[in-house]
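Data first, discussion second: the structure below is written as structure tokens.
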Amino acid sequence: MILVCDVLFWIFLAGGLAARYAAGWRVLGGALLLCVPLIDVVLLGATVLSIRNGAEPTVWHGLSAAYLGMTVVYGHGVVRWADAKFARRFGGAVAEPRPELYGRAAVADAWKSWLRFLLAYAISVGMIFGLVVLVGTLDEGAPLLVWLNPLTKVLVYSLIWPIVATVRPGKAPEAAEGNR
């Protein structure tokens with residue numbers, strides 16, 4: 001089900017954007033894009049129903065919880081990014097200039113990025129423990145808890161970048177060229 005939902009995410013995203021920009025069908029494109037977050041609801045419902053109907057909890061149920069935490073936090077950004085790409089390619093929109101991140105802006109961006117992942121982590125972990133509660137005991141829910149290890153490792157390892165950015169935030173491009 002996770003694989004199906006992931007594939008459907010990209011199909012509805014690409015289909016919605018293609019309908020909106022390439023074909024000019026803005027209403028259909030908008031409707032297809034509205035289906036993107038509904039895929040998460042379908043995945044959550046399928047996972048909960050599977051466990052409530054007595055299915056043996058597996059690592060795949062845990063993956064669906066981890067996946068949902070990530071898509072809740074990052075899904076909108078992916079849709080917004082893809083929409084901007086399609087708008088430039090097919091809609092004639094002008095690309096926004098990329099912000100030059102250095103100094104305080106780089107530090108703030110690095111910490112904001114890490115905090116965004118912390119939120120995704122918290123949602124994923126909360127959903128995993130919610131599934132464990134549905135199962136009944138920690139022993140029965142052990143296959144679900146397998147995902148805590150990789151999620152926690154990524155959370156800890158991703159903390160390196162904000163720390164490095166805080167210690168060495170970088171200098172403005174003009175200041176860096178002037179020192180040469």
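The values are calculated or read from the model by the stated rules, or taken from the named source; none is laboratory data. In this text, all values refer to a predicted model and were calculated from it rather than measured experimentally. Here the Cβ positions follow ideal geometry from the backbone for every residue, glycine too, while neighbour counts run over all protein chains shown. Accessible surface areas use protein heavy atoms only, side chains included; no ligands, DNA or RNA. Shrake-Rupley method; radii C 1.70, N 1.55, O 1.52, S 1.80 Å.
When Lys and Arg each count +1 and Asp and Glu each count -1, what net charge do the other residues less than 13 Å away from residue 165, Cβ to Cβ, add up to? Counting the neighbours of residue 165, the net charge comes to +3.
Per residue, the accessible area of the chain comes to 63 Å², computed with a 1.4 Å probe over protein heavy atoms only.
On full extension, the segment bounded by residue 163 and residue 122 gains 12.7 nm, given 0.36 nm per residue less the C-alpha separation.
Tell me, Kirkwood radius of region 1-147 from alpha-carbon pair distances, in Å? Don't skip to the answer; put the middle values down first.
Numbers: mean 1/r = 0.0580 Å⁻¹.
Across region 1-147, the inverse of the average 1/r is 17.3 Å.
Mean-square fluctuations from a GNM of the chain, with a 10 angstrom spring cutoff on Cα atoms, peak among 63, 159, 101 at 101.
The stretch between residue 93 and residue 109, if pulled fully straight at 0.36 nm per residue, gains 3.2 nm over its current Cα-Cα span.
Accessible area of the chain with a 1.4 Å probe: how many percent of it is carbon plus sulfur? On the chain, the fraction of accessible area on carbon and sulfur atoms equals 67 percent. In this simple spin-label approximation, residue 1 and residue 60 carry label points 7 Å from Cα along the Cα→Cβ vector, and these lie 1.0 nm apart. Label sites at residue 80 and residue 101, each approximated as a point 7 angstrom past Cα along Cα to Cβ, lie 1.4 nm apart.
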